[in-house]
Amino acid sequence: MDSGIEVGGIKVPVGGCGREGYRKLYAPTKDSVDLLFAFGLASEAHERAKGDSRVVEVLAKWSACMGSSGYGGIPTPYEVVEKLGLEDEPSGPRAVAAAKADVACKREVNLVGVWAAVEKAYQERLVEQYAETLALYQRQREARFKLAAQLA
């Protein structure tokens, strides 16, 4: 497909030079695996773990612990800053006190240990499920690095 643009007598590829460089480096063949494929799997494992009953249960325990520490109404650690209105003072005394309670509650209910174990199990399942694609990804990534080194 022609972009219809010419610069200095040379046709500019569709999407410009940035797209052409991306295509040559990251999608040189029809079977090219998206460079972000592995990150997508990691994200999927995290989301699955977040909804897993074991993680939901330990988050409820963490939330109850936070409530007992004077920080009620916070369902997950992701919401501490917003729920407590700490956006403007992320390192102020209120934020430090909340962080100490957060860490203490995480330890008390073993939030990090449970979540990590559950997420690891989902990661292992996805690695097994996509083993062939991941092997292709690895081969292509190595080839991309070699190609990029030649272009530099």
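Quick note: the coordinates plus some simple rules give every number you see, no bench work behind them. Predicted, not measured: the structure shown is a model, and the values here were computed from it. Note that we place each Cβ from the backbone using ideal geometry, even for glycine, and neighbour counts take in every protein chain shown.
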Per-region count, segment 2-23, residues surrounded by 10 or more Cβ atoms within 10 Å (Cβ to Cβ), at negative phi and small (G, A, S):
2
Before we move on, is A135 exposed (fewer than 13 other Cβ atoms within 10 Å of the Cβ) and small (G, A, S)?
yes
Quick one: count up the residues across segment 52-80 that are surrounded by fewer than 17 Cβ atoms within 10 Å (Cβ to Cβ) and in a helix (DSSP H, G or I).
11
Just to be sure I understand, how many residues within segment 93-152 are touching a residue at least 40 places away in the same chain (Cβ under 8 Å) and not in a helix (DSSP H, G or I)?
2
